[in-house]
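Just so you know, all these numbers are worked out from the coordinates, no wet-lab data involved. Bear in mind the structure is a predicted one, so any value in this text is a computation, not a measurement. Positions of Cβ are backbone-derived with ideal geometry, glycine not excepted, and every protein chain shown enters the neighbour counts.
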Amino acid sequence: MLSTLAPASSPPVVAAPAPLLQVRDLRVHFHTREGVVRAVDGVDYHVNPAETLGIVGESGSGKTVSSLATLRLVPPPARMAGGQILFEGQDLLAKKPAEMAALRGRRIAMIFQNPATSLNPIYSIGAQLGEILMWHEKASRAEADARVVELLGLVGISDPGARLRQFPHELSGGMKQRVGIARALLCNPSLVLADEPTTALDVTIQAQILELLADLQKRFRMSMVLVTHDMGVVARMASRITVMYAGRVCESADAATIFNAPRHPYTRALLESMPRIDHSYTGAARRPLPTIAGRPPNLLNPPPGCRFHDRCPEAAPECRRLLPLETPVGPGHTVSCLKRGSEGIAA
Ligand SMILES: Nc1ncnc2c1ncn2[C@@H]1O[C@H](COP(=O)(O)OP(=O)(O)OP(=O)(O)O)[C@@H](O)[C@H]1O
Ligand SMILES: [Mg+2]
């Protein structure tokens, strides 16, 4: 989806609240026959109460794997190779499987990319959503049905009582995603992870679903992690943005700073490759839309140094040797780039 809405100004500076979610030095590696794929390799980010954090980056940068790791749902052959995931101050990586199961869907919920595959085709909407309440909240069937009807109405589904008995195949793509959102909100979670929640939908439906998500996030003061490769979507939705590249974080800041004063060469390239209505691509200027030349590195034995060095217009010899560490460059603004003053380690 194309959007040109960059936030106009930084939000007022207020005392930083304790983060609801804090991911520290997260490492998730896939042990394949070819070797170890370092899909997520030392990632840090945090989500404050009642805010939307946008995680952006090219395909394969590790956005999905790092959000699945939050719920300890990374598929085999992935292994958690290190780090901490602190939710309300407690490390989720140290929790027992039963403790995680009690948390999933109740305190932390997920909205998946493809509603067609994330809903179970053989159960009615009422049965599969109600089961969550019966399991987590020990609700009776009648209580569960009443709550499901309330949530279906809240996400804009008409005649919600009749939908209880319908099956996923009887609903349109947009309706299925509304059901996916209702399912995520059933137990009033404090954190919702939304991984590309609109990319499987057509453009007009995408806009409606994003509006619905933004409205619900504000209304319930939930925290949300919105994973997307679309800068237009984060511009509309996120108060802060973390930019990922090849399994690491390049830059994090509030949305206005990312759009108006990006520091990392990759963030700049990402923004330049985004269509804007204040640039002419077809008029007298006829400037072609820039692309980022080259491809992300293979995460099976990635090259040493900065992961972006061979595509970076500013790369210096040390960028090929030293891995830049995340460094503060302004209030709430961090960058991992030797050319912006980051410390580098041999790796
Ligand atoms: N089953 C797997 N086996 C081996 N490597 C995997 C597997 N699944 C993911 N990976 C690796 O993890 C990396 C990150 O994948 P991830 O799905 O998190 O990317 P993403 O940023 O969500 O991309 P997209 O925008 O396409 O959804 C990929 O580049 C890939 O190398
Ligand atoms: Mg993904």
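One table, with the values for the structure above:
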{"item": "0 to 90° range, to nearest 10: angle between helix 125-136 axis and the chain longest Cα axis", "result": "80 degrees"}
{"item": "Anisotropy class of the stretch 147-212 from Cα gyration tensor, a/c 1.5 cut", "result": "oblate"}
{"item": "Sequence ranges 40-49, 130-139, ranked by mean other-Cβ count within 10 angstrom, highest first", "result": "40-49, 130-139"}
{"item": "Ratio Rg/Rh, restricted to the chain and using Cα atoms, in which Rh is the Kirkwood radius", "result": "0.98"}
{"item": "11 Å reach of a label modelled at Ala116, 7 Å along Cα-to-Cβ, counting backbone N of the stretch 192-224", "result": "200-202"}
{"item": "Long-range Cα-Cα pairs in the stretch 234-277 (distance over 15 Å), rounded percent", "result": "38 percent"}
{"item": "Non-local Lys pairs in the chain, i.e. 8 or more apart or on different chains, that have alpha carbons under 26 Å apart", "result": "9"}
{"item": "Two-site label geometry, Lys96 and Thr199: point separation in nm, points 7 Å out along Cα→Cβ", "result": "3.7 nm"}
{"item": "Folded to 0 to 90 degrees: helix 141-154 orientation relative to the chain principal axis, Cα", "result": "50 degrees"}
{"item": "Fraction of antiparallel bridges per DSSP, the stretch 154-260 only, in percent to nearest 5", "result": "55 percent"}
{"item": "Between the stretch 295-347 and the stretch 155-175, the Cα center-to-center distance that results, in Å", "result": "47 Å"}
{"item": "The chain: relative contact order as a whole-number percent, Cα under 8 Å and 6+ apart", "result": "22 percent"}
{"item": "Share antiparallel - DSSP beta bridges, the chain, percent rounded to 5", "result": "65 percent"}
{"item": "Taking Ile258, Ile205, Ile108 and counting other C-beta atoms within 10 Å, the order from fewest to most", "result": "Ile205, Ile108, Ile258"}
{"item": "Loop-located trypsin sites (Lys or Arg not before Pro) in the stretch 220-280 whose Cβ has at most 13 other Cβ within 10 Å (DSSP)", "result": "Arg221"}
